[in-house]
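Below: one structure, written as structure tokens.
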Amino acid sequence: MAVNRKTIAKNTLMLYIRMILVMGVTLFTTRIVLKNLGVDDYGIYNVVAGVVSMFAFLNSSMAGATQRFLSFELGINDEKRVNTVFCQSVIIHILIAIIILILAETIGLWFVYNKLTIPDERFGAAMWVYQIAILSFLFQIINVPYHACIIAHEKMNVYAWVSILDVLLKLGIAYAISVSPFDKLVSYSLLILMTTIVMFLFYRIYSKRHFKECVFHLKFNKEKFKEMFSFAGWNIIGNMAFALRNQGSNILLNMFFGPAVNAARGVAHQVDGAVEHFVTNFQTASNPQIVKTYALEEYNETLRLVCQCSKFSFYLMILLGLPIIFQVDYILSIWLTNVPEYTTIFVQLILLNGIIDSISKAIKTYIKATGKVKWYMIIQGGFYLLALPVIYLFLKLGYSPVSSVIVLVVFTFLGTFLRLFLVQAVAEGFSISFFFKTVLLPAFLVGCLSALICFFYSKFLPTLNLVNLIVNTVVMLLFIAAVIWLVGLEKNERVYITNIIKKIVKR
């Protein structure tokens, strides 16, 4: 099975159309929500809903397993085995939903009552938000097998349009809460729950109508259940570490500084999430192909695809990330009516963290394709968990909230190199030297040169108004694109991109 780059390109294009619309609407929605809720309520929503999402490592672990096994069986082209994977996935996700419900109503509830810093007059509303967030999350869990089928079948046009519908509904919610006669924070949470239910119903109906394997039979397949649950079980360690690292640091900020700092961090993650959609879209289109080629033991093709995905993911991140990093003050001033303290530096550091992490995200798909995730997840997850006690130590010693994000950046940087050594130990066909030569070296050169150019350009021509912002962004993008073209691409990659541009122009 040769890599279908035409399919990847087509799916990536669809996902970028989705991303541009989603990013614009999401950022505008954040502005409206922050304005209508206020800084404190927005911070309360982020930290309280974040407690529920801490349990997401159970769900995301199984979601990764479901996509991996569905793509693997589709690569082999065995319809019966695909249906077996789907049925076992539904059973497992129902069990996960029950487990998370129990954990959220015991450990999670105790944590909200005893550890979070919430103003007394808003505690009742916060408890409503917590319970609604639990219910919303349960629908997301049960939706995973259907969502995974759409990704595994590479129906990115469906995924793109549904995502656009989702953000448009959330934009409507942002305006609706401004006229709600009830508590705005509770109203916002209830409307988000309704949107989640709509998305769940659509994915379920579409998948059942278009994919033969999406017919659930209550048949327990012990061998496949054990294989999938074992894969997910080790995945849980890595995903739990990631969830605890991100949400744990957010909770630590709440404990030391209160909800206003959570609001700043929430805004920063909205910006980072919008930018990272570029990388996520490209990788979402590439991941099924990585798993399918590995399933057919085409290891050289898999390695080349992983390297290309890693390199282009990094380039996409710096194309959007660097202009924002060097113009963030003005962007925030025109985006938000009330900019929380620390937002500027949070945005810059979290974007930097995303840029560093983007270069090795495809490697995680590589390791999942092998199915040998045990030691990778134990070591990588354990390393990420070390960030939390370090963050706690810095905050306890009186350092500013910024120190928490700096610690995350350092751990992400070191974790990238650790990931390379772990993958080489278990993955057939992976080579650190090849990855270093084809990905890390050109990415390092492109990143440094692009950052220097944007830094000096922003110093000589600072962004003072909207015209400056547009002109400076375009110029920075052109400089970065030139550096990528001249330094970051191999000759065959330049030829391939040139041919794509020629075809587009002809059409």
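The values are calculated or read from the model by the stated rules, or taken from the named source; none is laboratory data. Bear in mind the structure is a predicted one, so any value in this text is a computation, not a measurement. A quick note on method: Cβ atoms are made from the backbone with ideal geometry, for glycine too, and the neighbour counts reach across all protein chains shown. These area figures cover heavy atoms from the full protein model, side chains too; ligands, DNA and RNA do not enter into them. Shrake-Rupley method; radii C 1.70, N 1.55, O 1.52, S 1.80 Å.
Some notes on this structure:
- Here the Karplus relation 6.51 cos²θ - 1.76 cosθ + 1.60, evaluated at θ = phi - 60°, turns the backbone of the range 404-421 into coupling constants of 5, 6, 4, 4, 4, 4, 4, 5, 5, 4, 5, x, 4, 6, 4, 4, 4, 5 Hz, with x for every Gly and Pro.
- Virtual spin-label span in nm between Leu469 and Glu79, 7 Å along Cα→Cβ: 5.3
- Residues in the range 158-183 reached by a label modelled at Val198 [backbone nitrogen below 20 Å; 7 Å Cα→Cβ]: 158-182
- Shown is the FRET efficiency for Trp128 and Leu103, computed with R0 = 22 Å from the Cβ-Cβ distance and rounded to the nearest 0.05: 0.70.
- Cross-link reach list, lysines versus Lys396, counting only Cα pairs under 27 Å and skipping chain neighbours closer than eight places: Lys115
- Solvent-accessible area per residue for the range 382-435 (1.4 angstrom probe, square angstrom): 47
- The range 116-179: C-alpha gyration tensor shape, a/c 1.5 cut-off, then a/b vs b/c: oblate
- Database remark: amide H of Ile359 closer than 5 angstrom to no amide H (H placed geometrically; neighbours at sequence offset of 5 or more, or on other chains; Pro and chain starts carry no H).
- In a fully extended conformation the segment linking Glu490 and Leu165 would gain 113.1 nm over its present Cα-Cα distance, using 0.36 nm per residue.
- Taking 0.36 nm per residue of separation and subtracting the current Cα-Cα distance, fully stretching the chain between Ser400 and Ile334 would add 21.2 nm.
- For the range 420-445, the residues whose backbone nitrogen is under 17 Å from a point 7 Å from the Cα of Ile497, taken along Cα to Cβ, are 438-445.
- Normalised by 2.2 N^0.38 Å, where N is the number of residues, the alpha-carbon radius of gyration of the range 95-239 equals 1.26.
- For the range 140-210, the normalised intensity computed at q = 0.13 Å⁻¹ comes to -0.44 (log10 of I(q)/I(0), Debye sum over alpha carbons, equal scatterers, no solvent).
- Heavy-atom accessible area order for Glu73, Glu341, Glu301, Glu428, largest first, 1.4 Å probe: Glu341, Glu428, Glu301, Glu73
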